[in-house]
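The values are calculated or read from the model by the stated rules, or taken from the named source; none is laboratory data. Treat the numbers as computed from the prediction; the structure is a model and nothing was measured. Here the Cβ positions follow ideal geometry from the backbone for every residue, glycine too, while neighbour counts run over all protein chains shown. Heads up: the accessible areas ignore ligands, DNA and RNA and are worked out on the full protein's heavy atoms, side chains in. Shrake-Rupley method; radii C 1.70, N 1.55, O 1.52, S 1.80 Å.
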Amino acid sequence: MELVYASETLKSQCTNIKAARKLFHGDSQLSISLLARINALQQAETLKDIIVQPTFHFHKLKNKGRKKLEGYFAIDVKSRKDQWRIILQPLDENEKPYVPCNMDQIAGKVSIVEISEVSKHYE
């Protein structure tokens, strides 16, 4: 699958162990897990390959306050016990978001996702 990053800083955090460690305040396990998740996303042919794996805990995000999260999804960086999530948005072949984003219909054909952020989304 092709990955598009929202910023160069985010790309560095997702592909460089030193930058990832800085993001996670020195936590090596989270850093390694983030790079492993990014690698899994890259190795997948479509988003459906990620959705069917329970360890990723792929889930839809809901609007939160001023944050409009319609069409965004998250996977766990490490596990459900950790608060860190990789926030992503499925993109079509023109790298535009799906509107509406009905995952049941598009999961098997999504081969491009934008990594929007890596954060403690639920804080």
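Taking the square root of 5 times each eigenvalue of the Cα gyration tensor, what semi-axes in Å does the equivalent ellipsoid of region 20-66 have, largest first?
Over the Cα atoms of region 20-66, the semi-axes work out to 22, 19, 9 Å.
Out of all DSSP beta bridges with both ends in the chain, state the antiparallel percent to the nearest 5.
If I count the DSSP bridges inside the chain, around 80 percent turn out antiparallel.
Applying a 10 Å radius around every beta-carbon, put 114-120, 75-81, 57-63 in order of their mean neighbour count, most first.
114-120, 75-81, 57-63
I need two numbers for the chain: Rg to one decimal and Dmax as a whole number, Cα atoms only, in Å.
13.7, 40
Report the dimensions of region 83-123 along its three principal axes from the alpha-carbon atoms, largest first, rounded to Å.
Each principal axis gives a Cα extent; for region 83-123 these are 31, 19, 16 Å.
Hey, what number do you get for the chain at 222 nm if only DSSP H runs of n ≥ 4 count, each worth -39500 (n - 2.57), divided across all residues, to the nearest 500?
-8500 deg cm²/dmol
Relative to the compact globular guide of 2.2 N^0.38 Å, what is the alpha carbon radius of gyration of region 51-123, as a ratio?
Its radius of gyration relative to the 2.2 N^0.38 Å reference: 1.09.
Could you give the length gained by full extension between I32 and E93, i.e. 0.36 nm per residue of separation minus their alpha carbon distance, to one decimal place?
19.0 nm
How large is the accessible surface per residue of region 26-123, computed with a 1.4 Å probe and reported in Å² as a whole number?
58
How tilted is helix 28-43 with respect to the longest principal axis of the chain? Cα atoms for both, answer in degrees (0 to 90, nearest 10).
Once rounded, one gets 30 degrees.
Between D82 and Q42, 0.36 nm times their residue separation minus their Cα-Cα distance comes to what?
Length difference between fully extended and current span is 12.2 nm.
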